[in-house]
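This report refers to the structure that appears directly beneath it.
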Amino acid sequence: MIKKLTKNNFFILLVVLAIVMGVMSNLSDYFLTPLYLLNATRFISETSLIGLGMTLVILTGGIDLSVGSMMALSSVCLGLFCQIGIPSILAVVFSLLIGALGGMLNGYVVCKLKLPALIVTLATMELFRGIALGISGGSAIAIPENLYFLGQGDIGPLPVQLVVTTLVYIIVAVFIYKTNFGVYLKSIGYNEEVAVFSGIRVTWNKVKAYVLSGFFAALLGVLFTCRVSSAKADYGNNYEMDAITIAVFGGASLAGGKVSFAGAYIAAIIIVMIRLGLTTAAIQTEVQSVIIGLILILAVAFNNFVASRKTVEM
Amino acid sequence: MYKNRKAIKALLIFYVIILAIMLVKAPSFFSVDNAMDILLNVSTTAIAALGMLCVLLVGDIDVSVGAILAACCTTTGLLAKAGMPLIVVIAGSMLVGIVLGLVNGMIVTILKLDAIVATLGLLSIYRGLLIIITKGSWINGLPKNILNLGQGRAFGIPIPVYIMILVAVIMWFVLNRTEWGRNFYAVGSNPASARLSGINVRKTRIIAFAVCGVLVGLAASIYTTRYGGIQSNTGKGWEMTLISSAVVGGASTVGGEGDVSGVFLGALLISALGTVLVFFGIDALWEQAVQGLIIFVSVASYAIDFKKLKSRFVKGGAEND
């Protein structure tokens with residue numbers, strides 16, 4: 001039984017989460033209070049959203065480094081659209097569309113020019129951030145007050161972000177596990193050539209994954225902008241690193257074909273909890289970054305160890 | 001065979017276009033002072049990008065170079081302030097670089113991690129530790145004789161440029177004329193067949209990381225002495241500059257492809273772009289967008305060239321690159 005459970009990455013993540021929660025609640029008295037945790041779900045939802053897009057792209061064997069920049073670009077676009085008088089709802093929709101378009105650009109260049117995703121998205125990372133900087137002039141743009149709800153409001157007792165992200169996760173999970181889309185992405189990730197010969201529309205499906213990644217990054221940009229009440233081009237710096245950490249920590253293999261969405265969600269919770277907990281306990285951010293780096297390496301090493309044991313037993 | 005000729009051709013075309021536009025729009029661009037300035041700017045990037053090339057050649061990637069730069073800069077600064085002679089300062093910086101490179105290489109190869117994930121984790125560990133150790137303080141007021149390394153000139157040419165040329169020549173020799181260099185290419189092209197032909201793959205990959213670390217260490221001592229002081233966030237995002245220099249210069253991120261001349265041209269393009277844009281009169285705010293666009297276009301253009309070549313090959317032309 002125990003052997004079976006330790007083989008399961010998800011179970012290990014839950015144990016890690018429990019340990020983290022235990023340690024953090026010892027470090028600070030405020031940590032394990034309902035109000036604090038409910039507020040923490042705002043951060044968790046945002047972080048897990050960006051991990052979700054990355055997980056989808058990693059499933060196809062690619063990687064998307066442009067997510068942080070795309071978040072900034074959609075944030076700036078939202079601010080500018082509102083500034084020129086486009087109604088708030090439309091402004092949000094347009095910003096999300098820009099995210100999807102950016103993702104499409106990534107996807108088509110990766111598929112059609114057969115370039116490594118790492119290189120393409122490295123270039124678009126610079127490009128998107130540069131455009132965001134250029135069109136915003138580098139300054140912060142205020143957004144209208146009727147948008148604050150998206151970042152600061154509650155639906156019933158729950159923060160808006162939590163509801164939005166949970167819905168998004170459920171929809172993606174349904175599409176991945178209950179439709180062919182998931183099977184297609186998985187087989188592309190395992191072996192693209194075989195997928196081509198099996199009659200899977202590789203380009204079409206891969207582009208969809210990149211579009212979703214761009215879309216989720218843009219959604220995060222909108223939610224984040226509404227939470228902090230202004231749009232700026234330097235949002236989301238290094239978020240691509242967070243996203244990769246979450247996906248891999250959650251059990252994804254960068255070679256493609258193997259990811260875990262539930263794992264990614266738990267991984268996002270763990271990382272946010274560590275950051276928040278250590279901040280509440282007034283521990284320097286530098287110590288936090290050392291701890292998070294260590295956890296990433298140990299987690300992946302452990303995953304590999306478990307995986308290698310599995311293959312030996314088979 | 002290992003050279004990405006298309007990349008170098010495309011880069012040369014880029015240079016011709018840029019220089020032609022400059023000739024018409026801003027003839028003042030062509031001054032000795034400006035050329036020296038650009039060469040000085042490229043020297044640190046080019047030296048470290050050659051290190052990144054080694055890591056890319058064996059099929060790995062090192063995203064922790066920014067943190068290694070910061071660690072080596074701090075070492076340089078502390079040793080210089082302690083009144084050490086120049087040679088000890090440089091050696092100390094390179095030693096820190098080589099140690100961190102070895103740590104990277106060993107963690108990647110022994111724990112069998114993806115290089116990007118492992119170095120990502122190490123990036124935050126190094127940076128965190130560095131700030132804990134230095135308490136985030138800036139280092140200023142280095143002794144004058146040390147500053148000569150980064151700011152001095154010999155025969156009108158900045159000293160870092162000589163160092164860059166020396167490193168490029170050594171790296172060319174290592175990559176093309178020594179066993180280490182050939183092993184880099186072999187391991188990156190096909191690790192399995194490299195192992196079967198008796199190459200110690202793990203050792204080769206660790207060496208590549210160590211070479212990267214040592215060159216970053218050297219670049220760090222030039223960087224520190226050139227600016228005369230360092231901040232605790234030195235080198236943030238620098239990994240992207242190095243990776244894009246190498247990739248624009250035709251290095252492949254899956255290994256086995258890339259060479260010294262390409263990476264040098266790539267680094268020159270990436271670091272000269274800022275100056276070029278100033279002469280174009282483009283707002284500094286748009287600099288990053290143009291930089292991204294150029295990386296994008298140049299990388300995409302190699303791929304398009306490659307396709308053409310393939311179709312020619314299929315038709316039966318005996319083209320061989």
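The values are calculated or read from the model by the stated rules, or taken from the named source; none is laboratory data. It should be emphasised that the depicted structure is a prediction, and the values quoted were computed from it without experimental measurement. Backbone-built Cβ (ideal geometry, glycine too); neighbour counts: all protein chains shown.
When A:Ile84 is tested against the conditions (1) surrounded by 14 or more Cβ atoms within 10 Å (Cβ to Cβ); (2) under 30 Å from B:Leu277 (Cα atoms), the lone failure is (1).
Is it true that A:Ala195 is closer than 28 Å to A:Phe128 by Cα and small (Gly, Ala, Ser)?
Numbers: closer than 28 Å to A:Phe128 by Cα: no; small (Gly, Ala, Ser): yes.
Criteria not met by A:Ala195.
Against the definition (crowded, with 19+ Cβ neighbours inside 10 Å, touching a residue at least 12 places away in the same chain (Cβ under 8 Å) and in contact with a strand residue (DSSP E or B) (Cβ under 6 Å, 6 or more places away or on another chain)), how does A:Ala231 come out, yes or no?
Numbers: crowded, with 19+ Cβ neighbours inside 10 Å: yes; touching a residue at least 12 places away in the same chain (Cβ under 8 Å): yes; in contact with a strand residue (DSSP E or B) (Cβ under 6 Å, 6 or more places away or on another chain): yes.
Yes.
Among the residues of region A:155-189, those identified as under 27 Å from A:Ile86 (Cβ atoms), within 22 Å of the chain's Cα centre (by Cα) and free of Cβ contacts under 8 Å to residues at least 40 places away in the same chain are A:Val163, A:Leu167, A:Ile171. In this entry, B:Glu287 is excluded by the filter for residues that are surrounded by fewer than 23 Cβ atoms within 10 Å (Cβ to Cβ), acidic (Asp, Glu) and not in a helix (DSSP H, G or I).
A quick yes/no check of all residues on (1) more than 21 Å from B:Val290 (Cβ to Cβ); (2) modelled with pLDDT under 85:
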position	(1), (2)
B:Val216	yes, no
B:Gly237	no, yes
B:Gly255	yes, yes
B:Gly262	yes, no
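Residue selection: A:Leu276 fails the criterion of being in a loop (DSSP other than H, G, I, E, B) and surrounded by fewer than 24 Cβ atoms within 10 Å (Cβ to Cβ).
Being part of a helix (DSSP H, G or I), within 13 Å of another protein chain (Cβ to nearest Cβ), touching a Gly at 6+ places or on another chain (Cβ under 6 Å) and among the aliphatic types (A, V, I, L, M) is a property that does not hold for A:Ala299. Candidates in region A:11-29 are the residues that are farther than 25 Å from A:Phe261 by Cβ and surrounded by fewer than 13 Cβ atoms within 10 Å (Cβ to Cβ); of these, the one that is modelled with the lowest pLDDT is A:Asp29.
Of the residues B:Ile87, B:Ile131, the single one that is aliphatic (A, V, I, L, M) and facing chain A (nearest Cβ under 7 Å) is B:Ile131. Of all residues in region A:240-251, those satisfying the criterion of being more than 10 Å from chain B (Cβ to nearest Cβ) and in contact with a Leu (Cβ under 8 Å, 6 or more places away or on another chain) are A:Gly250, A:Gly251. Scanning region A:174-219 for residues that are part of a loop (DSSP other than H, G, I, E, B) and on the phi < 0 side of the Ramachandran plot yields A:Thr179, A:Asn191, A:Ser198, A:Ile200, A:Arg201.
For region A:5-105, which fully contained helices (runs of 4 or more DSSP H) count at least 3 residues that are more than 21 Å from the chain's Cα centre (by Cα) and over 17 Å from A:Leu278 (Cα atoms)?
Numbers: elements: A:9-27, A:34-59, A:67-83.
Where helices (runs of 4 or more DSSP H) fall fully within region A:5-105 and carry at least 3 residues being more than 21 Å from the chain's Cα centre (by Cα) and over 17 Å from A:Leu278 (Cα atoms), they are A:67-83.
Quick check on my filter: what residues within region B:2-35 are over 15 Å from B:Leu265 (Cβ atoms) and among the basic types (Lys, Arg)? So that I can check it myself, show each step before the final result.
Within region B:2-35, the first condition is being over 15 Å from B:Leu265 (Cβ atoms), and the residues that meet it are B:2, B:20-35.
Across region B:2-35, the qualifying residue is only B:Lys25.
Which of the residues belonging to region A:32-51 are out of contact with any helix residue (DSSP H, G or I) (no Cβ under 7 Å at 6 or more places or on another chain) and not polar (S, T, N, Q)? Those that are out of contact with any helix residue (DSSP H, G or I) (no Cβ under 7 Å at 6 or more places or on another chain) and not polar (S, T, N, Q): A:Pro34, A:Leu35, A:Tyr36, A:Leu37, A:Leu38.
Inside region A:279-296, residues that are in a helix (DSSP H, G or I) and either more than 9 Å from chain B (Cβ to nearest Cβ) or not hydrophobic (A, V, I, L, M, F, W, C) (or both) make up a count of 7.
Looking only at region B:148-164, how many residues end up being buried (at least 19 other Cβ atoms within 10 Å of the Cβ) and part of a helix (DSSP H, G or I)?
6
A single member of B:Ile230, B:Ile243 is crowded, with 22+ Cβ neighbours inside 10 Å, over 23 Å from B:Val16 (Cα atoms) and touching a Gly at 6+ places or on another chain (Cβ under 6 Å), and it is B:Ile230. Residues that are under 12 Å from B:Val63 (Cα atoms) and under 23 Å from the mean Cα position of the chain (by Cα) do occur in region B:96-104. A Cβ distance below 7 Å, combined with a sequence gap of six or more or placement on separate chains, defines the contacts here; from region A:70-98, residues that are under 16 Å from A:Phe216 (Cβ atoms) reach residues that are assigned to a loop (DSSP other than H, G, I, E, B) and not aromatic (Phe, Trp, Tyr) in the pairs A:Met71/A:Gly236; A:Ala72/A:Ala233; A:Ala72/A:Asp234; A:Ala72/A:Gly236; A:Ser75/A:Lys232; A:Leu78/A:Ile143. Can we say B:Ser261 is surrounded by fewer than 24 Cβ atoms within 10 Å (Cβ to Cβ), of a type in the set (S, T, N, Q), more than 24 Å from A:Ala132 (Cβ to Cβ) and within 11 Å of chain A (Cβ to nearest Cβ)? No. A:Ile291 fulfils the conditions (1) within 24 Å of A:Ala173 (Cα to Cα); (2) surrounded by fewer than 20 Cβ atoms within 10 Å (Cβ to Cβ) except for a single criterion, (1).
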